[in-house]
Amino acid sequence: MKRFVVVVLDSFGVGAMEDVKEVRPQDLGSNTCKHILDRLPELRLPNLEKLGLMNALGDETEYMHKNPKANYGISALAHFGADTFNGHQEIMGTKPKKPLFQPFQQCIHEVYEALTSAGYEVQYKGDKLKFLLVNNCVTVADNIEADPGQIYNLTAALDLIPYKEVLKIGRIVRKVVKVSRVIPFGGINVSLEDILNAVEEKEDKFIGINAPKSGVYNEGYEVIHLGYGIDAEVQVPTILGKKGIPVVLLGKVADIVENPYGKSISCVDTEEVMKLTIKEMEAIEEGFICTNVQETDLAGHAENAERYAEKLAIADKYIGEIMDKMQEEDILIVMADHGNDPTIGHSHHTRENVPLLIYKKGLEGKFIGLRDTMSDVGATAVDYFKADRTENGSSFLKELN
């Protein structure tokens, strides 16, 4: 058996990066892990403790201590900002490319021209601020839920248009614009009126659809995230898939990383996604599994340290079960993709270093240092399977031998 398993505790950072003073001053002093433990000093996460969480944090509490036998490291973020989508592309081996932060108003005419040239019926909608309506069933506008200016949404009524066509429209938009993400999505039993009734404006610069209010999430939801400068051919899932190695993506990573040859299962509930991880481990003798635990990040956005701790405790329990099921050659990495400090005073992601906690039977006391990019995880995964290199990253496999 030879399995490489990555569990991403979404947003569980271990301290602000050195560059936040210049690039993200709102994140000064952030430390998601430390501040949750400060808020809940009796919290115990025995399996993460065993894996070296406190080693990576560089601190201890009365109940959580460093483990001299742990194998661990710390990674900086190479992508710009602190983003789940870009974080996972980085983990999978993408070399981050700096996107624009741009209100949709600044490129709406170029998008209009591209879509009309492709044969679509396109209308300008809105008063002072404008968005686009395509074929009377899909809107193109700002994402008003994330940091403004970094994402454009395509919101679709899937009773009126198949998702395959929405994705086709999204790919045309993606070719024109240079923001971090274009997200084509939609749901069934949603009317055009429902979507248009959910239009909202922000800061007199951004206009978009309030997705939860529109109802597109309620039934038959479909989504694929299209990133800026992302080439799936040089990422872990495609590299391994072409080699015939099974690849399974679970949780939010299934929505945001392309996996053309493998299995992708969307899931939000922490217990469910961890149980799915164990199920998939039991189903394959060889392969790569990546799981995203999203509810920690959702608790960070809610600025709720107590809920965050609850989700960590659930994940910790199942991480222990995963460790019990590891075979001699298997490697487990538990990490994060950025921070989301619920105590910092804002509800957005925080630009933090992330822990790299490594488990392999018989391996003890290995320190892989401070890595420049989370792509080192992806590079190590393809090295483990003796496959082609990822676009970015340096393998630390030799340091584990």
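Taken together, the values in this text are just the output of simple stated rules run on the coordinates, not laboratory data. Quick caveat, the model's predicted, so the values are computed rather than measured. Here the Cβ is made from the backbone with ideal geometry for all residues, glycine too, and neighbour counts use every protein chain on show.
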Using only Cα atoms, what Kirkwood radius does region 104-227 have, in angstroms? 13.9
Cα centroid distance between region 79-114 and region 315-354, in Å? 25
Could you tell me which residue out of GLN89, VAL236, PRO162 lies farthest along the dipole of the chain toward its positive end? Charges go on the beta carbon: Lys and Arg +1, Asp and Glu -1, centred on the Cα centre. VAL236
Starting from region 196-250, pick out the GluC sites (Glu not before Pro) whose DSSP state is loop and whose Cβ has at most 10 other Cβ atoms within 10 Å. GLU203
per DSSP, antiparallel bridges as share of beta bridges in the chain, % nearest 5, sits at 50
Peptides 285-291, 395-401 ordered by average Cβ neighbours within 10 Å, highest first: 285-291, 395-401
Filtered hits (lysines, Cα-Cα < 25 Å from LYS275, offset >= 8 within chain) -> LYS2, LYS50, LYS252, LYS263, LYS311, LYS317, LYS325, LYS360, LYS361
Could you tell me how far the Cα centroid of region 180-223 sits from the Cα centroid of region 231-303, in Å? 26
Order 107-119, 306-318, 328-340 from most to least packed using the mean count of other Cβ atoms within 10 Å. 328-340, 306-318, 107-119
Correct choice for Rg/Rh (Cα atoms, Kirkwood Rh) that was computed from the model, options (1) 1.04; (2) 1.32; (3) 0.98: (3)
When the chain is treated as a Gaussian network with springs between alpha carbons less than 10 Å apart, the largest mean-square fluctuation among PRO246, PRO162, PRO148 is found at PRO162
What trypsin sites (Lys or Arg not before Pro) does region 177-272 have in DSSP loop regions with at most 16 other beta carbons within 10 Å? LYS178, LYS205, LYS243
